[in-house]
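One structure below.
The values are calculated or read from the model by the stated rules, or taken from the named source; none is laboratory data. All values reported here derive from a predicted model rather than from experimental measurement. Methodologically, a virtual Cβ is constructed for each residue, glycine included, from the backbone with ideal geometry; neighbour enumeration extends over all protein chains shown. Please note that ligands, DNA and RNA were not included when accessible areas were found on the heavy atoms of the full protein model with its side chains. Shrake-Rupley method; radii C 1.70, N 1.55, O 1.52, S 1.80 Å.
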Amino acid sequence: MLYEISLNTASKNCYRDITGNVESIIHSSGIKDGICLVFVPHTTAAVTVNEGYDESVMEDLLNYLSYLIPKHPKHVIFKHEEGNSDAHIKAALIGNSLALPISEGKLILGKWQRVMFLEFDGPRNRKVIVKVLGK
Ligand code: ZN
């Protein structure tokens, strides 16, 4: 079964901790041992696993990506007419899917790890597709 998480993002670059949503889906699925696929069906948003304990970590990640990939870089002329190539590049670098382990009905993450949705071209309505596989 395919599950969907809906999100409204509030700014151009922001993140949302979706760990609780993913854990609820795993619980609903009844799968005890397997894999949880988390997929972002957008070209200017991404998903990653990173620290959720100290909020500055994700803020630093977003700020550093914007420093590396400015909307109007000095030495590159973007051809994409929509004007959001910076967001496409950030999304491509971070990636749009995760395969996460499930054991004894629980999502396995490291002590400080959380599942993070990253927005690079908000505010927008977004969705995340979750597929739980196993037994
Ligand atoms: Zn675009």
Signed unit charges on C-beta, dipole axis of the chain, positive-most listed residue TYR3, THR19, PHE120: TYR3
Charge dipole magnitude, Cβ of K and R +1, D and E -1 - the chain, Cα centre, debye nearest 20: 300 debye
Using amide H atoms built 1.01 Å from N in the peptide plane, name the residues 5+ places from ASN13, or on other chains, whose amide H lies under 5 Å from its own. GLY122
Placing +1 on each Lys and Arg Cβ and -1 on each Asp and Glu Cβ in the chain, then taking the dipole about the Cα centre, the residue among LEU65, VAL130, LEU107 whose Cα reaches farthest towards the positive end is VAL130
Can you tell me the orientation of helix 55-68 relative to the chain, as the angle in degrees between its alpha-carbon axis and the longest Cα principal axis, to the nearest 10? 40 degrees
What's the carbon and sulfur percent of segment 13-130's accessible surface, probe 1.4 angstrom, rounded to a whole number? 52 percent
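Stokes-Einstein diffusion coefficient for segment 19-135 at 20 °C in a medium of 1.002 mPa s, Rh from the Kirkwood formula over Cα pairs: what value in µm²/s?
On the way: Rh = 15.5 Å.
Using the Kirkwood radius from Cα pairs, D works out to 138 µm²/s.
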Express in whole angstrom the spacing between the alpha-carbon centres of segment 4-57 and segment 84-135. 5 Å
Plugging the Cβ-Cβ distance of LEU37 and ALA10 into 1/(1 + (r/R0)^6) at R0 = 30 Å yields, to the nearest 0.05, a FRET efficiency of 0.70
